[in-house]
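Notes to accompany the following structure.
The values are calculated or read from the model by the stated rules, or taken from the named source; none is laboratory data. As the structure is a prediction and not an experimental result, all values here were calculated from the model. FYI the Cβ positions are ideal-geometry reconstructions off the backbone, even for glycines, and counts take in every protein chain you see. Only protein heavy atoms, including side chains, enter the accessible area calculation; ligands, DNA and RNA are left aside. Shrake-Rupley method; radii C 1.70, N 1.55, O 1.52, S 1.80 Å.
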Amino acid sequence: MGRVGVLTNSVMVCAPLMAQSVEQMVIDMQSARAQGADVVEVRLDYINNLQPRKDLETIIRNKRLPVIIVCRPKWEGGQYEGDEHTRLEALRLAHELGADYVDFELKVASDLIEELKNKHRTGGKVIVSSYLNGTTPSKENMSHLVASMQATRADIIKIVSNANDITELERIFHLLSHSEVPAVAYSAGERGLISQLLCPKFGGALVYGSMEGNPIPGLPTLDSLREAYKVECINSDTKVFGLLSKPVNHSKGPILHNPTFRHANYNGVYVPMFVDDLNKFFDVYASPDFAGYSVGFPYKEAVVKFCDEVHPLAKSIGAVNTIIRRASDGKLIGYNTDCEGSITAIEDALKEQRYINGISSNSPLAGKQFVVVGAGGAGRAIAVGAKSRGARVIVFDVDLERAKSLAQAVSGEAQHFESLAHFHPENGAILANATPIGMHPSTDRIPVAEATLENYKLVFDAVYTPRKTRLLKDADAAGAITVSGVEMFLRQAIGQFKLFTGRREAPKDFMREIVLAKF
C-alpha cells in the first residue's frame, strides 16, 4: 500500500461558483479559497446581464486562485439562452484575458481550440466537456466519446452523466483510469457521490466540492473533502470501504472511519454508497479495491444471501452489518457487530447504576422484560443479544409475521406495532427502539406512549441523528437511564475497524474523542 498522510496525487479540489452577480462571484472566489479549494469554476451563464469584457476583467483581476471559465448553454444543461456567437466570443475573450482554464462543449470545440492554440500559444488550458442525458453509456461507447474529445487536442476532457444507479459509476472509474489525457468525469445527484470521492483513486484531475451554506446535490462539501476524506492522500493503492444503504445522507460513518484509518496509518477510505439493487452492486463492484462494507437500512437482512460465508453470530441473528472481502480468495464474509455494540452499551449503563448502588452481577439484563421496537436488522441484533443475557424479549413490529419470526428465534413474544400505544411494561423493563422513528428530519416522533416511559428502567435508541432524540429526552425526563445510538454506533464501528484492517486493534480512545466532538 502507498504511504498514508502525505500528498500522493495531483488531484485539484474545485468549487463551482454560480452567483448571479460579478461582485458576489468575487466574494465567493475568496470564500472558496478560504474553505480549501485549489481552483474555482466560474459559471458565466448564471450572471445576470453579463457584460463579457467588463465582467471577465473584474473576475480575472480579482482571482486569488486558478479559475475555470464556463458559459454553459441551455442545450448542454446550462443557463445561457442568448446568442451563440456572443457566448463563444465571451469564452475566446476569457482565454485572451488570461483565464487559467476555459471550458468548451465538444460540439463547438474543434475549430475553436485550433484557433486559440495558434493565436495564444502560451495561454491557459482548454477543457472540452460533454454532458450526457440518461443512463451512463457503456464502456465501449464511452471510449468512442473519449477518443472524439481527445481528437480536439483538448488539454483536459470532462464528461458528466446523471446516473440512475451506482453501478453506472464503474464505467466512469474505468474512463478515468484509462484516459490518455487528464480527465474529469463524474455523475451528478446522490447516487453519483462516490464518483467525486473516489476520483483521486482512479486518476481524475478534479474533484468538485460545494461551499458552506450552498449545498449542491451529489457534491461533498469542501470541508469534508479536506477534513474527513483528505482526498489529497487518496491514491491508486487506497482500499475502498463503504456504507451500503438507501438513503445514505444521514450517515456519519465517514467522519469517524476516515480519520481513524489515517490515525492508524492504514491506507483506506470510507464512503457512503447509495445502493438500489444489491445483486447488481455486488456483481459490478467485485474488484479487490472494494475491500469491505458497512450495511445499513434497509439491507441488513437482505445482504446475508450475498455473503459467501457468514459468521455464526450473524447467522444466528439473521442480519449482517459488516462485510469483508477476503484477500486470499475474494469471497465476501458477513459479520454482525451491532449485537455486542448495542447490548454492551446497555449493560454498561445499567452496571454503572448498580455499582453506584453497591450491587453488581454478570449481566444486569438477566430476567428483565426487554421490549424491542422493530424486527429489522438492528432489532434482530438487539433481541438476540438480549436473549443471550437472559432477558425476556417482547418484539413489536408493523409486520406481525416478521415480529413473530424474531420472537420465535429468541423464545420471546410478538405483538403488532399498533398495540405498543396501549402496552404497559413491567416496572424496571428495558426499551430499545430499533426503528427509524425519531431520525432526522422527523425528529418529533417517539415509538411508544409517553406516559409509559416512567415504567422503564432504561431506554435505548438506535437512532443517532440527532444524538439526543425526543425519545431519549422524554425518557430522561421520566427518570429512566438513557443510552444514545451514538454509543452503539461507536462500539459497532470499533468492531468494524478490526475487521476492515485485518484484525488491527482499534484506537478506541481516539474514536471516542471524534464521536464526542463531531456527533
How many residues are more than 21 Å from residue 499 (Cα to Cα) and crowded, with 23+ Cβ neighbours inside 10 Å if we restrict to the stretch 231-247?
-> 1
Which of the residues spanning the stretch 379-398 are assigned to a helix (DSSP H, G or I) and either touching a helix residue (DSSP H, G or I) at 6+ places or on another chain (Cβ under 6 Å) or at pLDDT below 95 (or both)?
-> 380, 381, 382, 383, 384, 385
Kindly establish whether residue 297 is assigned to a helix (DSSP H, G or I), aromatic (Phe, Trp, Tyr) and surrounded by fewer than 22 Cβ atoms within 10 Å (Cβ to Cβ).
-> no
How many of the residues making up the stretch 148-159 are hydrophobic (A, V, I, L, M, F, W, C) and at pLDDT below 95?
-> 2
Criterion (assigned to a loop (DSSP other than H, G, I, E, B) and either open to solvent by less than 50 Å² (accessible area, probe 1.4 Å) or closer than 17 Å to residue 229 by Cα (or both)) met by exactly one of 287, 328 = 287
When both residues are 6+ apart or on different chains and their Cβ atoms are under 9 Å apart, which pairs have a first residue that lies in the stretch 145-167 and is on the phi > 0 side of the Ramachandran plot, and a second that is in a strand (DSSP E or B) and crowded, with 17+ Cβ neighbours inside 10 Å?
-> 153/126; 153/128
Could you list all residues from the stretch 442-491 that are hydrophobic (A, V, I, L, M, F, W, C), free of Cβ contacts under 8 Å to residues at least 60 places away in the same chain and either over 26 Å from residue 241 (Cα atoms) or open to solvent by 40 Å² or more (accessible area, probe 1.4 Å) (or both)?
-> 446, 449, 451, 453, 459, 471, 472, 475, 477, 478, 480
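Per-residue answers, yes or no, for (1) at pLDDT 95 or above; (2) over 26 Å from the mean Cα position of the chain (by Cα); (3) open to solvent by 40 Å² or more (accessible area, probe 1.4 Å):
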residue: 129; (1), (2), (3): yes, yes, no
residue: 141; (1), (2), (3): yes, yes, yes
residue: 146; (1), (2), (3): yes, yes, no
residue: 163; (1), (2), (3): no, no, no
residue: 171; (1), (2), (3): yes, no, yes
For the stretch 492-500, indicate whether the set of residues that are open to solvent by 60 Å² or more (accessible area, probe 1.4 Å) and farther than 16 Å from residue 251 by Cβ is non-empty.
-> yes
Over the stretch 395-424, the set of residues within 23 Å of residue 475 (Cβ to Cβ), open to solvent by 10 Å² or more (accessible area, probe 1.4 Å) and not aromatic (Phe, Trp, Tyr) is 398, 412, 413, 415, 416, 418, 419, 421, 422, 424
Across (1) open to solvent by 60 Å² or more (accessible area, probe 1.4 Å); (2) in contact with a strand residue (DSSP E or B) (Cβ under 8 Å, 6 or more places away or on another chain); (3) over 23 Å from residue 38 (Cα atoms); (4) of a type in the set (Lys, Arg), residue 107 clears everything bar (2)
Does residue 401 satisfy the criteria of being in a loop (DSSP other than H, G, I, E, B), farther than 21 Å from residue 312 by Cα and either among the basic types (Lys, Arg) or over 32 Å from the mean Cα position of the chain (by Cα) (or both)?
-> no
Residue 43 passes all but one of the listed conditions (1) basic (Lys, Arg); (2) surrounded by 21 or more Cβ atoms within 10 Å (Cβ to Cβ); (3) without any contact (Cβ under 8 Å) to a residue 24 or more places away in the chain; the exception is number (3)
